[in-house]
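The values are calculated or read from the model by the stated rules, or taken from the named source; none is laboratory data. This is a predicted model, so every value here is computed, not measured. Backbone-built Cβ (ideal geometry, glycine too); neighbour counts: all protein chains shown.
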Amino acid sequence: MHITGIMAADPRGIVGKGHDLPWHYPDETAHFRNTVKGHIIIMGRCSFESAPIDLFEECDTIVFTRDKTFDPHTPRTTVVHSIEAFNAILPLKTNQHVFMIGGADLARIFLKEGLINDFLLTTIHKEYEGDVVLDLDLFTHWPFIVVEKTANYTIRRYTKPYTGTE
Ligand SMILES: NC(=O)c1ccc[n+]([C@@H]2O[C@H](COP(=O)([O-])OP(=O)(O)OC[C@H]3O[C@@H](n4cnc5c(N)ncnc54)[C@H](OP(=O)(O)O)[C@@H]3O)[C@@H](O)[C@H]2O)c1
């Protein structure tokens, strides 16, 4: 099973402000939408509640919450309550590519559990105010290549370093 992370952060790791993105870069949003379209997306409940509804028409979705009563009210969406439950359902769907799309809380858990194979991280060049932070130190030992550079942002593909244990 191959899981790719895909998120955007400012130089300090800011990824969110309230329930939204701190910035508006239509071409970066298009990069995200075109990359995940038709595939499986995984996200935390907070990101699920702030994402545009048409995203869930384009992708099969897995949403993480510890709330056993949570109802996503969207088709093609599966709710899981733990990493163990997630590991149990995913092998059924592996003919599609799998993307972990955030937010910072779910990304931290997936990175610490070693579940992410590679990560498309957009670095927004400008600093923004925000209250949701992705810990960029989690990528310290990950080799990367630059995929795209524009005036406003740089997209890098980070690859999980080989530890010899997997
Ligand atoms: N820049 C980007 O690329 C990007 C991408 C996505 C989101 N965002 C932004 O990030 C913010 C939201 O991110 P966030 O970090 O606050 O939250 P989040 O990661 O989207 O969701 C966190 C929630 O996921 C559930 N969860 C986490 N770990 C779990 C586990 N092991 N088992 C079961 N459920 C688990 C919990 O839901 P319950 O509380 O329901 O139990 C938790 O409160 C928003 O501002 C959004 O706009 C930015």
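Structure data summary
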item	result
Looking only at segment 62-99, and only at residues there that are surrounded by fewer than 17 Cβ atoms within 10 Å (Cβ to Cβ) and in contact (Cβ under 8 Å) with a residue 60 or more places away in the chain, the one that is nearest to residue 133 (Cα to Cα)	97
Residue 53 being β-branched (Val, Ile, Thr) and closer than 21 Å to residue 120 by Cα	no
Subset of segment 1-34 [farther than 16 Å from residue 126 by Cβ, within 12 Å of the ligand (Cβ to nearest atom) and in contact (Cβ under 8 Å) with a residue 60 or more places away in the chain]	5, 6, 7, 18, 31, 32
Only listed residue being near the ligand (Cβ under 9 Å from one of its atoms) and surrounded by 18 or more Cβ atoms within 10 Å (Cβ to Cβ), chosen from 59, 46	46
Subset of segment 89-130 that is within 11 Å of the ligand (Cβ to nearest atom) and of a type in the set (Asp, Glu) - its residue that is modelled with the lowest pLDDT	113
